[in-house]
Amino acid sequence: MYAFDIERPTTVADAVEALKADEAQPLGGGQTLIPTLKARLAAPSKLVSLGNVKEMQGISIDGDTLRIGGATIHATVATEARSRYPGLARLASKIGDPAVRNRGTIGGSIANNDPAACYPAAALASGATIITNTRQVAADDFFLGMFETALDEGEIVTAVSFPIPEASNYQKFVQPASRFPLVGVFVAKFADGVRVAVTGASEGGVFRWTEAEQALSGTFAPDALDGLNVSEDGMINDLHGDGEYRAHLIKIMTGRAVKAAS
């Protein structure tokens, strides 16, 4: 790990100002960034910790919308969102292990957009809005590719706003060593239709399975997926599973999520 300075601002405005320094980088829970620094794969001159920014912490309800501060840890989402958005709470409760859930933040996960991260699937399936220090971005427009988002330089994810569906569930086929999903599927049923988002499978990162959405919007049951298949083109091929295997898992995990949700 290379030497760096660290600042701990207490407001979003101060954090944004600190990030104007050359090679400064925001630090959420550090579950991705710290291992990256230890491996000397990044060398920022300054880390700007967001852990003390109170306005970025906590969960609130406004009608049928759940708003989660960007610095809110997974463990808090797992407990405090359970009564209003159980599908999201269950997702948070299965991220990593207790150490990760008590350090990692939703804002950090969304901003990093790891191709196998869980929260991007929840945000995309929920039709969430990503709130930053300067604007609001629909989840459909936010995730651009593997580790790529619509965030500009120095922009911070301050909160994520989730419309609460009528029914939802998240199923993931866990890679045991990392606890990341080999394939994860989040299904959310709303009055006007169903949204299905897939993580862990594609080289392009999280994506919506629109054919399944159309079928499930007509009949919300696993049988609605009969006859549907996911192409293996563009799927991740690695030592844990090839593209064909991952494509097959998408259909399996979607069916399980629908069954659990209904």
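The values are calculated or read from the model by the stated rules, or taken from the named source; none is laboratory data. As the structure is a computational prediction, the values presented were derived from the model and not from experiment. Note: ideal-geometry Cβ built from the backbone for every residue, glycine included; neighbour counts use all protein chains shown.
For the stretch 211-237, filtering for residues that are over 22 Å from the mean Cα position of the chain (by Cα) and either over 20 Å from N169 (Cβ atoms) or not assigned by TED's automatic domain parsing to the domain that holds K189 (or both) leaves 5. Residues of the stretch 183-213 that are within 16 Å of D238 (Cα to Cα) and of a type in the set (D, E): E203 alone. Of the residues making up the stretch 78-88, those that are free of Cβ contacts under 8 Å to residues at least 60 places away in the same chain, over 12 Å from F162 (Cα atoms) and of a type outside the set (D, E) number 4.
Scanning the stretch 211-223 for residues that are out of contact with any Ser or Thr (no Cβ under 9 Å at 6 or more places or on another chain) and part of a helix (DSSP H, G or I) gives E211, E213, Q214, A215, S217, G218, D223.
Here A188, A197, A247 are screened, and the one residue that is crowded, with 19+ Cβ neighbours inside 10 Å and part of a helix (DSSP H, G or I) is A247.
Listed by first and then second residue, the pairs with beta-carbon distance under 7 Å, at least 6 apart or on different chains, first residue in the stretch 119-133 and at negative phi, second in a helix (DSSP H, G or I) and among the polar types (S, T, N, Q), are Y119/S109.
To keep it simple, each residue is scored yes or no on (1) over 23 Å from G69 (Cα atoms); (2) surrounded by fewer than 21 Cβ atoms within 10 Å (Cβ to Cβ); (3) at pLDDT below 95.
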residue: D141; (1), (2), (3): no, yes, no
residue: G145; (1), (2), (3): yes, yes, yes
residue: E166; (1), (2), (3): no, yes, no
residue: G193; (1), (2), (3): yes, yes, no
residue: F220; (1), (2), (3): yes, yes, no
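If you filter the stretch 1-50 down to residues that are closer than 16 Å to G107 by Cβ and in contact with a Phe, Trp or Tyr (Cβ under 9 Å, 6 or more places away or on another chain), you find that the one that is surrounded by the most Cβ atoms within 10 Å (Cβ to Cβ) is L47.
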